[in-house]
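**Q** Below is the structure I would like to discuss, written out as structure tokens.
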Amino acid sequence: VEPGAVDVFQMRVGDCFDDGSTFTSEEVDSVPGVPCTEPHDNEVYAVFDVSMTTFPGDSMADVAQEACLERFESFVGKDYESSALDIATLYPTSESWHGQNDREVICAVYDVDAKKLTGSVQGLAL
């Protein structure tokens, strides 16, 4: 990814980004992209559409978290419980689900101690 704002609907596995003011509201449409070779806060490890036909309401966060958890070990190379990484999720709101047909969930990893990551964590078993 190039430095600067990255549209969340354009994010791919392996993209890296920093936390920032974009996460102060419930709806996020872009994130501060950072090349993974530079220190960054998060790395995208899965992007997928949920298969539900109706919006799950308040449980959308739980649905996203559980689906991201299922994909964690195959990317990181270590089970979630013993990893030094945690999961951040971006998922549809009711407004984006109904207004934009948004079904996409983005899973990202970050260091539990809020240390910057450098390079990809794929397969590093952190």
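The values are calculated or read from the model by the stated rules, or taken from the named source; none is laboratory data. Worth saying up front: this structure is predicted, and the values here are computed from it rather than measured. For neighbour counting, all protein chains shown are included, and Cβ atoms are generated from backbone atoms with ideal geometry for every residue, glycine included. Protein only, heavy atoms only, side chains kept; ligands, DNA and RNA dropped before computing areas. Shrake-Rupley method; radii C 1.70, N 1.55, O 1.52, S 1.80 Å.
**Q** Looking only at residues that are within 23 Å of Gln100 (Cα to Cα), in a loop (DSSP other than H, G, I, E, B) and at pLDDT below 85 in the range 1-29, which one is most open to solvent (accessible area, probe 1.4 Å)?
**A** Of everything passing the filter in the range 1-29, Glu26 is most open to solvent (accessible area, probe 1.4 Å).
**Q** In this structure, does Thr118 turn out to be out of contact with any helix residue (DSSP H, G or I) (no Cβ under 6 Å at 6 or more places or on another chain) and β-branched (Val, Ile, Thr)?
**A** yes
**Q** Then there is this: Of everything in the range 32-66, what is within 12 Å of the chain's Cα centre (by Cα) and touching a residue at least 40 places away in the same chain (Cβ under 8 Å)? Give them in sequence order.
**A** Asp41, Asn42, Glu43, Val44, Tyr45, Ala46, Val47, Phe48, Ala64
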